[in-house]
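What follows is calculated from the coordinates using simple rules that are stated; it is not laboratory data. The structure presented is a predicted model; accordingly, all values stated were derived computationally and were not measured. Glycine also receives a Cβ, built like all others from the backbone with ideal geometry; neighbour counts cover every protein chain displayed.
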Amino acid sequence: MIYTASYFQPENHHGQIISISRSEPKKIQFDSKLWMFAPDRAILSDIKSGKIDQDGYIDRYREQLRKVWPNIKVWLDGLDPNKDMTLCCWEKAGDFCHRNLVIKFVEKYRPDCLGGTDIKA
């Protein structure tokens, strides 16, 4: 099953810990990284500086994911619903985060693998 969580909320971690961020905290161990889900540096910079709002972030992040769709599809096709993993990044539960966008791919294309999310979209 696929779950999402902040790096800093280990109580929400299940199975393998998979990074979906551009960087990871040094003191937290993770098992692998899914580079195709890490937000582009420009998107992060623009939302932090206020050049774009959440809607702008969502539009640009979705466009980024469209460009790497073949890689995402391979990952989705290879998921095992009997193996737990948690997709992690920096944001705390309840904060706006790209995890809620990534988990929507899982919900849409592999609902048999959805374990849960710490962020309600």
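Which loop-located trypsin sites (Lys or Arg not before Pro) does the stretch 60-121 contain, where loop means any DSSP state but H, G, I, E or B and the Cβ has at most 15 other Cβ atoms within 10 Å? Listed in order of number, the matching sites are Lys83, Lys92, Lys120. Which one, Asn82, Asn100, Asn71, has the greatest fluctuation when you compute a Gaussian network model over the chain with C-alpha springs under 10 angstrom? Looking only at Asn82, Asn100, Asn71, the biggest GNM fluctuation is shown by Asn82. When +1 charges are put on Lys and Arg Cβ atoms and -1 charges on Asp and Glu Cβ atoms, the dipole computed for the chain relative to its Cα centre reaches about 340 debye. Computed log10 I(q)/I(0) for the chain at 0.13, 0.17, 0.20 Å⁻¹: -0.48, -0.84, -1.18, from the Debye equation with unit scatterers placed on every C-alpha and solvent omitted.
Ranking Pro39, Gly94, Gln16 by how far each Cα lies toward the positive end of the dipole of the chain (charges on Cβ) leaves Pro39 at the top.
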